[in-house]
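Encoded as C-alpha cells, the structure appears first; notes follow it.
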C-alpha cells in the first residue's frame, strides 16, 4: 500500500471529508493533502484525514496515482498548468467543481496524453467552510456526478466509480454539457436569486430597520449568497449560456406572477402556487429520505470482479448492483 497514493488538493470541507471517508477503510490508500493555506492542511492533519501534508504542490502530485482537485473552479486552470509536466503515467485527475464542460475541455488542452481527467461533482450539503466543516459521512447516500471525456480509458472511469461507492455515494454519469445545464437550475440560479434578493432589500434607506426583521426564512432563501465572490462570478461566466437561459426563465415566471397580482387573478395565482408547493414537497420528501440517489439512470454495474480501484488499493467497498 505504501506505493499507492491519492493526493487531494484543497483541505476545505469537501477535500477533508474525502480524506476522512477514505481513511476509515480497512486498508486505506496513502493520502496526501496540499493546501495553499497551511492552517487548513494543518487542521486537516489534526483531524487525521490524511497521512501527510505536503506544502509543495509538485511534490504532492508527482507520485500520485489519483489527484483530486477540491478547489474553486478559478484555481483549477493554474493548478493543472503547474502539475502537468510532472504527473506520472496513467495518473487519474478529477475535480469537485460545480461546472464541468469548460473544465473538462481545459484539462484536455493542458494535460499530457498519459494523464486522464474525469470531471467530478459530489452532490453534498456542506454547512460551513474549511476543514472544520468536514464530515466522514458527507458523501453517504448521495450522488457523485462523473463526467468523463471521450478519450478517458475505461480503467480510469472505473477507478472514480469505485471511489465514489467506497465513500458511500452513488456514481451518476453525465455528459459535461448535460451536467452543466441541469446544475444551472438547481445551483447557479438559486445563487443568483440569493444575491439579487440581498441587493434588492438591502438598500441603505431601509436596510437598517429591515435587517432587524429578517429571520430564518430570509437566511434560508439567501443562503446562496455566501462563499468566494471571485469563484461565484467565474462560475456564472463559465456557464454563461445556461446562466442567461435560466435568468430569462425565472424573469418570465416573475413577470407572469406580477401580471396575476396586478390583474387580481387570485385563482390562477393560487393554482401556480399550489403546483410549486406540491413539486417542492415531493422533492423534499425524496431528499430527506435519500431517495434521489436511487433515481440515477442505469449507470450502476454489478461488480463481478474487483474494480480497478479495489484492485489497485486492495480495499472492499459496497457492492454496486445494476438497476433493474
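By per-residue mean of other Cβ atoms within 10 Å, what is the highest-first order of 34-45, 197-208?
34-45, 197-208
Using alpha carbons only, how many degrees (0 to 90, rounded to 10) separate the axis of helix 266-288 from the longest principal axis of the chain?
The helix 266-288 is inclined about 20 degrees to the chain.
At a 10 angstrom cut-off on C-beta neighbours, averaged per residue, how do the peptides 126-132, 153-159 rank from highest to lowest?
Taking the mean over residues of other Cβ atoms within 10 Å, the ranking is 153-159, 126-132.
Contact order normalised by length for the chain, with contacts defined as Cα pairs under 8 Å and 6 or more residues apart; what percent is it?
Relative contact order comes out at 17 percent.
I'd like the Kirkwood hydrodynamic radius of region 164-307, using the inverse of the mean 1/r over distinct C-alpha pairs, in Å.
Taking every pair of different Cα atoms in region 164-307, averaging 1/r and inverting gives 18.7 Å.
What do you get for the angle between helix 204-213 and the principal long axis of the chain? Use alpha-carbon atoms, 0 to 90 degrees, nearest ten.
So the helix axis and the longest Cα principal axis differ by about 80 degrees.
Give me the one-decimal Kirkwood hydrodynamic radius in Å for the chain, with the sum taken over alpha-carbon pairs.
Mean inverse Cα-Cα distance, inverted, gives 21.4 Å.
Length gain on complete extension for the stretch residue 244 to residue 273, per 0.36 nm per residue less the alpha carbon to alpha carbon distance?
Computed gain between residue 244 and residue 273 is 8.0 nm.
Mind checking the angle between helix 13-23 and the chain's longest principal axis? C-alpha axes, 0 to 90 degrees, to the nearest 10.
Once rounded, the angle reads 40 degrees.
Just so you know, all these numbers are worked out from the coordinates, no wet-lab data involved. The shown structure was predicted, so the numbers you read here are calculated from the model rather than taken from an experiment. Neighbour counts are summed over all protein chains in view; Cβ atoms, including those assigned to glycine, are modelled from backbone coordinates with ideal geometry.
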